[in-house]
Amino acid sequence: MAARQHTEEEFAAQRKRQQEFEEAAFKIQTLVENIRHDPMKLRKITLHGVGKTREDFLRRILEPAFQARSLHEVIGLSRQAVRRMERFGIFEDLKIQLDSPRDSWLQDRKDLVDLGIWLKEGSRIQIRTGTEAGNAEASLYGALTVKNVFGGAETLSTSMAFGTRTSSAFQFALATPLLADPDKNLSINLYSQTRNNTQWSSYEEDLKGGALKYTTLSPFGYHEFAYEGHWREICRPSEKASLTIREQCGHSLKSALTHMWVHDMRDEPLLPSTGHFVRVIQEYAGLGGDVNHVRQEIEAQVARSNNTGYILSATVKSGYLHSLNGKPSKISDRFFLGGPMSVRGFKSNGLGPREGEDSLGGDAYISAGVSLMTPFPGLAGRDSFKAHFFANAGTLVSVKPGQSATKTIDDLTKAPSVSVGTGIVYRHPQVRIELNFALPLMASKTDALSRGWQLGLGISFL
């Protein structure tokens, strides 16, 4: 009986404390609401914990907070400044505190307030090693990243990778935000790659070059503007290489301007259940070197779902390469189509023009896919597993210099390659894995079929 009375007393005391807390919180909220629009300015900002970050860089981030003219604006603009600092990824444990001026001659000024920011600069050097699987390739990589190199959130990174398709890759990059804005970045990249294309064609490719890139965000999405210049060599043809591949062997120099626009409103990229996605890539090559063309590629996707775990998605992709010098395109610039992440039921890069065992790529393509994801029997409570039903179609064709648009459209639409199938999809945190049984229904005489089971690992699927 005494224990029960003791418990009731504790409960009553706890309820009283909760009531007092709620009353105090309400009073503070009421007080803030009453003075939120009173005239108030930010007098100064004091930063605690800054070591390597430049003062002029921090000043650009924090300057907008001094435009506040009321308590409401002071709080809002101060929070925005702190969120902007967090987005650079060089600060940790940011905390803010507003206080009245401590100077004796300003204690009567109720329209002034000081802002204190406590922070910790994060680790500057990161070393990563590991393995990656994605986009039909497995690789071993190592990377060194140095953050906040010159005190303005610059990032210096160097990496190397060895994979099944990209035999070796080395890259050096230096990136910096412009005007202390995390949404505007300028970077310079230098790289060297060796690509092994022997899985679908009898050659390898060496590539060395650099790029200057500017990226920004707008209300319409993500933009990337770049100048790229690189030297390519089609080399090491196999003994069974076709005559066309041997003719493509040799050096070429490409100098190009590119623009990429991405508008992504999906809930997630790996296995979207709602939203839409659009990506447009445009390229003009001909500022030097021996490559002269206009190249454009577009991709669009929409996904819808219901409350029972069913997801319906549709994807369309298309690309066109137009030579401007009256010569056939280089195989390095052409499109390739087919495979477990592209038009399923066909070998990787197995659609379109072919000579012997060599896929030659094409200058124009169109592909489309519809997928239905359903709860997997026995695993209905696990959203990472889905049963998969799909239908894919695609066409890849070559375009001769001077060929009319009517002829190109007719070639793309008259006889598409079509496949259907079913399988299982697993959404790993880093990659999407599909195991499908695919059945080609329609194919051209040059297509390389892959009837039966196909395994796909990657991020972007048709």
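Show which lysines lie in cross-link reach of residue 52 when reach means a straight Cα distance below 24 angstrom and same-chain residues fewer than eight apart are skipped. Once the sequence-local lysines are set aside, what remains near residue 52 is 44, 95, 120, 147, 184. The order of 61, 298, 127 by accessible area, most exposed first and with a 1.4 Å probe, is 127, 298, 61. Projecting the Cα atoms of 142, 176, 291 onto the charge dipole of the chain, computed from C-beta unit charges around the Cα centre, puts 291 farthest toward the positive end.
Entry note: segment 211-295 has Rg to Rh equal to 1.15, where both radii use alpha-carbon atoms and Rh is the Kirkwood radius. Across segment 209-304, the mean sequence separation of Cα contacts (distance under 8 Å, 6 or more residues apart), normalised by length, yields a relative contact order of 23 percent. Please report the relative contact order for segment 323-404, taking Cα pairs under 8 Å with a sequence separation of at least 6, and give it as a percent rounded to a whole number. With pairs under 8 Å counted, the relative contact order is 30 percent. Measuring spread by the Cα atoms of the chain yields a radius of gyration and Dmax of 29.3, 100 Å.
Working note: Karplus 6.51/-1.76/1.60 with θ = phi - 60° gives segment 418-434 the couplings 10, 9, 9, x, 8, x, 10, 10, 10, 9, 7, x, 10, 7, 9, 10, 10 Hz, where Gly and Pro are set to x. Taking trypsin sites (Lys or Arg not before Pro) in DSSP loop conformation with at most 10 other Cβ atoms inside 10 Å as exposed sites, the chain has its longest uninterrupted site-free stretch at 241-413. The lysines whose alpha-carbon is closer than 28 Å to the alpha-carbon of residue 445, local same-chain residues fewer than 8 away aside, are 240, 317, 327, 330, 347, 400, 407, 414. Calculated mean residue ellipticity at 222 nm for the chain: -5000 deg cm²/dmol, from DSSP H runs with n ≥ 4 weighted as -39500 (n - 2.57), summed, divided by the residue count and rounded to 500.
Rounded to the nearest Hz, the phi-derived 3J(HN,Hα) couplings of segment 306-314 under the Karplus curve 6.51 cos²θ - 1.76 cosθ + 1.60 (θ = phi - 60°) are 10, 6, 9, x, 8, 10, 10, 9, 9, where x marks glycine and proline. The relative contact order of segment 304-370 comes to 37 percent, based on Cα pairs under 8 Å that sit 6 or more residues apart. Using a probe of 1.4 angstrom and keeping all protein chains present, the accessible surface of the chain works out to 56 square angstrom per residue. Dividing the radius of gyration of the alpha carbons in segment 180-339 by their Kirkwood radius gives 1.04 for Rg/Rh. P(r) for segment 256-319, from all Cα pairs and a bin width of 5 Å, is 4, 16, 20, 16, 12, 10, 8, 6, 4, 2, 1, 0 %, short bins first. Expressed per residue, the C-alpha convex hull volume of segment 290-362 stands at 99 Å³. Put 220, 277 in order of accessible area, highest first, and with a 1.4 Å probe you get 220, 277.
The values are calculated or read from the model by the stated rules, or taken from the named source; none is laboratory data. No experiment lies behind these values; they were computed from the predicted model shown. Neighbour counts are summed over all protein chains in view; Cβ atoms, including those assigned to glycine, are modelled from backbone coordinates with ideal geometry. Ligands, DNA and RNA are stripped out before the accessible areas are found, and what is left, the full protein with its side chains, is counted by its heavy atoms. Shrake-Rupley method; radii C 1.70, N 1.55, O 1.52, S 1.80 Å.
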